[in-house]
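Here's the structure we're looking at; comments come further down.
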Amino acid sequence: MRMKRKAQLGRCMRALGIAAVVVLACAGTVLAGIMVYDAPGLRIAHIYVNGCEDAIAEEVLVSAESHRSENILAADLHALRDRIENNPWIARAIIRRQYPDTLAITVSVRKPRAVIALDEAFLVDANGVIFAKLLERRTDLPILYGLQRSDFENDPAGAARLIRDGLQIVAGLQAQALPLDDNVRITCSRELGYTLQ
């Protein structure tokens with residue numbers, strides 16, 4: 001009976017020892033995590049932007065400013081990327097952590113290839129994406145006519161195809177070294193095709 005109690009006591013002591021080691025390991029991990037999270041050397045101090053001109057870089061920096069002084073390990077870079085890509089001029093943003101305290105942001109900027117005349121004039125990039133309202137009256141870009149907003153609501157795929165085909169005409173003109181400005185007008189029509197003026 002005494003041997004049985006000794007064996008049970010030995011097993012209990014081993015179990016308690018293992019439990020104590022596990023608790024200490026967990027506590028150490030939590031403490032280390034808190035120390036790393038609060039480490040002043042891991043706070044974002046520098047944010048660099050490249051791949052764009054100064055005006056857009058300033059807008060990107062304004063979007064990223066809320067992350068300055070945040071822990072670089074805890075920064076939500078997906079949310080920051082989404083906020084930056086909400087700028088219509090930015091096609092894509094890549095954000096990298098550069099330890100210990102720097103974010104490097106590389107952006108791809110949309111380049112306008114044409115103007116599309118709907119009820120207002122909008123810029124179109126090389127992929128046929130309508131991305132921003134045209135602010136200047138005069139432009140050095142060719143103009144696509146013939147589409148209405150209702151075309152995008154009723155047949156978005158067909159409207160996108162007409163824009164892409166119009167941009168192919170623009171690329172063909174550019175390959176022939178013809179001047180491309182707002183005197184070049186391409187009219188798109190489902191019935192008549194394309195008219196170039």
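Evaluated against (1) touching a residue at least 24 places away in the same chain (Cβ under 8 Å); (2) open to solvent by less than 20 Å² (accessible area, probe 1.4 Å); (3) under 27 Å from Ala57 (Cβ atoms), Ser108 falls short on exactly one condition, (2).
Check every one of the strands (runs of 3 or more DSSP E) wholly within segment 109-197 and list those with 1 or more residues that are modelled with pLDDT of 85 or more. First the steps, then the outcome.
Details: elements: 112-117, 121-125, 130-133, 143-145, 185-189, 193-196.
Those strands (runs of 3 or more DSSP E) span 112-117, 121-125, 130-133, 143-145, 185-189.
Entry remark, segment 57-72: residues being open to solvent by 50 Å² or more (accessible area, probe 1.4 Å) and either of a type in the set (Gly, Ala, Ser) or touching a Leu at 6+ places or on another chain (Cβ under 6 Å) (or both) number 2 in total.
Those residues that are touching a helix residue (DSSP H, G or I) at 6+ places or on another chain (Cβ under 6 Å) and under 13 Å from Asn50 (Cβ atoms), I need them from segment 91-104; list them, please. Of everything in segment 91-104, those that are touching a helix residue (DSSP H, G or I) at 6+ places or on another chain (Cβ under 6 Å) and under 13 Å from Asn50 (Cβ atoms) turn out to be Ala93, Ile95. Looking across segment 131-163, the residues that are open to solvent by 80 Å² or more (accessible area, probe 1.4 Å) and within 19 Å of Pro88 (Cα to Cα) come down to Lys133, Leu135, Glu136, Arg149. For segment 36-80, a residue qualifies if it is over 19 Å from the mean Cα position of the chain (by Cα) and closer than 25 Å to Ala91 by Cβ, and the qualifying residues are Ile44, His46. Pairing residues of segment 121-149 that are touching a residue at least 12 places away in the same chain (Cβ under 8 Å) and farther than 17 Å from Leu180 by Cα with residues that are acidic (Asp, Glu) and open to solvent by less than 20 Å² (accessible area, probe 1.4 Å), at Cβ distances under 7 Å and at least 6 apart in sequence or on separate chains, gives Phe131/Asp125. Tyr194 falls short on exactly one of the conditions (1) open to solvent by less than 30 Å² (accessible area, probe 1.4 Å); (2) over 30 Å from Ile56 (Cβ atoms); (3) touching a residue at least 24 places away in the same chain (Cβ under 8 Å); (4) not β-branched (Val, Ile, Thr), and that condition is (1).
Conditions tested, residue by residue: (1) assigned to a strand (DSSP E or B); (2) modelled with pLDDT of 90 or more; (3) among the β-branched types (Val, Ile, Thr).
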site	(1), (2), (3)
Tyr48	yes, yes, no
Cys52	no, yes, no
Val60	no, yes, yes
Ala64	no, yes, no
Ala79	no, yes, no
Arg92	yes, yes, no
Arg96	yes, yes, no
Ala104	yes, yes, no
Val107	yes, yes, yes
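The values are calculated or read from the model by the stated rules, or taken from the named source; none is laboratory data. The structure presented is a predicted model; accordingly, all values stated were derived computationally and were not measured. Ideal geometry is used to build each Cβ from the backbone, glycine not excepted, and the neighbour counts take in all protein chains shown. Side chains are part of the model used for accessible areas, which takes the heavy atoms of the whole protein and leaves out ligands, DNA and RNA. Shrake-Rupley method; radii C 1.70, N 1.55, O 1.52, S 1.80 Å.
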